[in-house]
Amino acid sequence: MLLEHAIKDIADKNRDDDLRYELLVSRLVRLHWDKLHLERVKRAYRDKYGKELQEDVEDATKGDFREFMCELAENR
């Protein structure tokens, strides 16, 4: 729910407000360090919102920041 809120805030209202990106960064970085937890969150996100986390991150962000956020969300 917290990730969806951060993504929606950027996509809907604050696409050009760099300060708003900090919220998404902090949430994804926290998840990125624990791969199993990230997978559980991605599965829960898909179940709750019917969309893939990575796709929503990609749609909401732009440029180099998009690439960085997508890498964090990918869970390699």
Of all helices (runs of 4 or more DSSP H) fully inside region 18-69, the set with 3 or more residues that are more than 11 Å from the chain's Cα centre (by Cα) and either surrounded by 12 or more Cβ atoms within 10 Å (Cβ to Cβ) or without any contact (Cβ under 8 Å) to a residue 60 or more places away in the chain (or both) is 35-49
Going by what's in this entry, would Ala73 be described as surrounded by 13 or more Cβ atoms within 10 Å (Cβ to Cβ), part of a helix (DSSP H, G or I) and either at pLDDT below 85 or among the hydroxyl-bearing types (Ser, Thr, Tyr) (or both)? no
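The values are calculated or read from the model by the stated rules, or taken from the named source; none is laboratory data. Bear in mind the structure is a predicted one, so any value in this text is a computation, not a measurement. Don't worry about glycine lacking a Cβ; one is built from the backbone with ideal geometry, like all the others, and counts go over all protein chains shown.
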